[in-house]
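Asks: Dumping the structure here so I can ask a few things about it.
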Amino acid sequence: MVSSLRLPALTSLISPSFTRRSTVSLRRRLHLRLPLAAGFSAQSAASSPTETEDRVDSKKSGRVQDRGSTDRVITPRSQDFNAWYLDVIANAELADYGPVRGTMVIRPYGYAMWEAIQDYLNVKFKETGHSNMYFPQFIPYSFIEKEASHVEGFSPELALVTIGGGKELEEKLVVRPTSETIVNHMFTQWIHSYRDLPLMINQWANVTRWEMRTKPFVRTLEFLWQEGHTAHATLEEAEKEALQMIDVYTKFAYEQAAIPVIAGRKSKVETFAGADKTYTIEAMMGDRKALQAGTSHNLGQNFSRAFGTQFADENGLRQHVWQTSWAISTRFVGGIIMTHGDDAGLMLPPRIAPIQVVIVPIWKKVDEKTGVLDAASSVAETLKNAGLKVKLDDTDQRTPGWKFNFWEMKGVPLRIEIGPRDVSSGSVVISRRDIPGKQGKVFGISMEPSILEAYVKDRLDEIQSSLLQRAISFRDSNIVDVSSYEELKEAISLGKWARGPWSASDADELRIKEETGATIRCFPFEQPQGTKACLMTGKPADEVAIFAKSY
């Protein structure tokens, strides 16, 4: 039993975003009013001829009543991106602050997004030959010390256990920051012959890193992730594996999260501590900062030599294994939030959204309620049977107008409205989250199951594609090609990403970081053809690099 965890003083390690002032501020925002979205006002003012009177009346009454009863506010994204991000996390009920500063409690709506990530990746990991397992959270400190660059890279972030069961431990324990060391300890016991290779495993776990600057989901003291670890007989096999897994992450980002990441290789300065090569997917957030959204490392033989992880090859000779590790974490949830959204709140890609369709029944008279609710329940059942994630908001504590804005703020891709006249006509009204106002609203969609199911699925596919294309356009319009250091500095000062030829030294790279705050995010896999001259030295360069400020 661990009874004492000796760690640096909390007050000296927490960033401004997790101070008491920001915590109080964030909690206060939960008790402020959420103004009705501009899109909703426009819909009320420009009602279609087929829009029912009860729908108009309920929205008007909702506007008055909700001013006294709603308790949420979202800082406009266009006004203050960081405040918007914190407001969305709080008001959309994605997460809350934990009792230890720098930690967070992931709430059901936020965890459902993580589950969607898990569901997709778990299938892909197994399709590529990996098996899930679990390693202990506590690691002997001596394991960390075995690989020199690894301990040097992680020492500032380690949390150490020194007392257990009321007694001083003979050897202090590290609370898992990553698992390469303990994995190698076990691999050494499991791998004896080339017949035992490749060994490919993955674990879903939590890790602890004593971060100096924290931000919910993006950088916290403890977070959730998956970490894959593989051992191979040759360097070529390990390299193929590392590239295969960064490709899995890239496809996930594009196809599921609608985030157009740039995949590439990290510079030597930015390479994972203990790896020969690090591959990354870099995403541009809504404030144009870069987010390292996933990494895959070719570890070479660094850890196998440190731990003596060897196998007998086909000729009976002892060889050290070649290894990889790769991971994606709950930071990706933060990436989804910061990539998609508007002043009204979240805007979730349908394939990630915990709720894809919300149904809001609308009635004014008591004798209308039963018919409307029955129709809404029938529509909900139809869509659930079609495999969609549906929420029927049939509570009568809030007005329809309040519900419209609440579910918009939570980023639900589609909203279905059903009033008495819709019941009579056997149709529904459908609004898209990604197109505000009446442009995104369609009347008279048949309730007939086959028609409704097909229509809703088509619209969800369109929203998924629309969000990706929007993010691609935003990314591409904010990347500047540069050919000199002066051009790079100007691009970075404007909040852009700079892309230019690079063959300069590590010292030059660190100088750029010190002078501009930007780092080399990656050398993209997709490289332009032709001869190039390094933007810093003017010497020949084989590759272009992308520079940006990052989270």
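The values are calculated or read from the model by the stated rules, or taken from the named source; none is laboratory data. Keep in mind that what you see is a predicted model, and the values were worked out from it rather than measured. In this analysis, Cβ positions are derived from the backbone assuming ideal geometry, glycine residues included, and neighbour counts consider all displayed protein chains. Note: areas computed on protein heavy atoms with side chains; ligands, DNA, RNA excluded. Shrake-Rupley method; radii C 1.70, N 1.55, O 1.52, S 1.80 Å.
Asks: Carbon and sulfur: what percent of the chain's accessible surface (1.4 Å probe)?
Replies: Summing carbon and sulfur atoms, their accessible area is 51 percent of the total for the chain.
Asks: Next question, about the same structure. Sort 305, 398 by heavy-atom solvent-accessible area, probe 1.4 angstrom, most to least.
Replies: Ranked from most to least accessible, the order is 305, 398.
Asks: On a straight-distance basis, which lysines could pair with residue 364 in a cross-link, Cα separation under 16 angstrom, same-chain partners fewer than 8 positions away excluded?
Replies: 59, 60, 403
Asks: Then there is this: Under 12 Å from the Cβ of residue 177, count the other residues' Cβ atoms, weight Lys and Arg +1, Asp and Glu -1, and hand me the total.
Replies: -3
Asks: Between residue 170 and residue 439, how many nm apart are label points set 7 Å from Cα along the C-beta direction?
Replies: 7.1 nm
Asks: If each of residue 395 and residue 107 carries a label point 7 Å out from its Cα toward its Cβ, how far apart are those two points in nm?
Replies: 1.1 nm
Asks: Once Rh for segment 482-549 is found with the Kirkwood sum over Cα pairs, what is the Stokes-Einstein diffusion coefficient at 25 °C and 0.890 mPa s, in µm²/s?
Replies: 210 µm²/s
Asks: While we're on this one: Just to confirm the number: angle between the C-alpha axis of helix 235-255 and the first principal axis of the chain, 0 to 90 degrees, nearest 10?
Replies: Tilt relative to the chain: about 10 degrees.
Asks: Let me see the P(r) profile for the chain: every Cα-Cα distance counted, bins of 10 Å, each bin given as a percent of all pairs.
Replies: Binned Cα distances yield the sequence 3, 16, 24, 23, 17, 11, 5, 1, 0.
Asks: Over all alpha-carbon pairs of segment 81-340, lay out the pair-distance distribution in 5 Å bins, whole %, shortest bin first.
Replies: Calculated P(r), rounded to whole percents: 1, 6, 12, 16, 19, 17, 13, 8, 5, 2, 1, 0, 0.
Asks: Work out how much length residue 377 to residue 155 would gain on full extension: take 0.36 nm times their residue separation and subtract the Cα-Cα distance, in nm to one decimal.
Replies: Length gained between residue 377 and residue 155: 74.3 nm.
Asks: Using the beta-carbon distance between residue 204 and residue 269 and R0 = 45 Å, what value does 1/(1 + (r/R0)^6) give for FRET efficiency, to the nearest 0.05?
Replies: 0.90
Asks: Divide, for segment 395-447, the radius of gyration over alpha carbons by 2.2 N^0.38 Å, where N is the residue count.
Replies: Segment 395-447 yields a ratio of 1.16.
Asks: Oh, and also: Among bridges DSSP assigns within the chain, what percent are antiparallel (round to 5)?
Replies: The antiparallel fraction comes to roughly 85 percent.
Asks: Please compute, over every Cα-Cα pair in segment 363-471, the percentage with a separation greater than 18 angstrom.
Replies: 50 percent
Asks: Roll a 1.4 Å probe over the protein chains and send me the accessible area per residue for segment 81-340 in Å².
Replies: Accessible surface, normalised per residue, equals 37 Å².
Asks: If you filter segment 323-368 for trypsin sites (Lys or Arg not before Pro), then keep DSSP loop positions with at most 15 other Cβ within 10 Å, what is left?
Replies: 365
Asks: Let me ask something else about it. Taking a temperature of 37 °C and a viscosity of 0.692 mPa s, what whole-number D in µm²/s does Stokes-Einstein yield for segment 451-507 with Rh from Kirkwood over alpha carbon pairs?
Replies: 230 µm²/s
Asks: Ignoring everything but the protein chains, give the 1.4 Å probe accessible area of residue 381 in square angstrom, nearest 10.
Replies: Near enough 100 Å² of accessible area.
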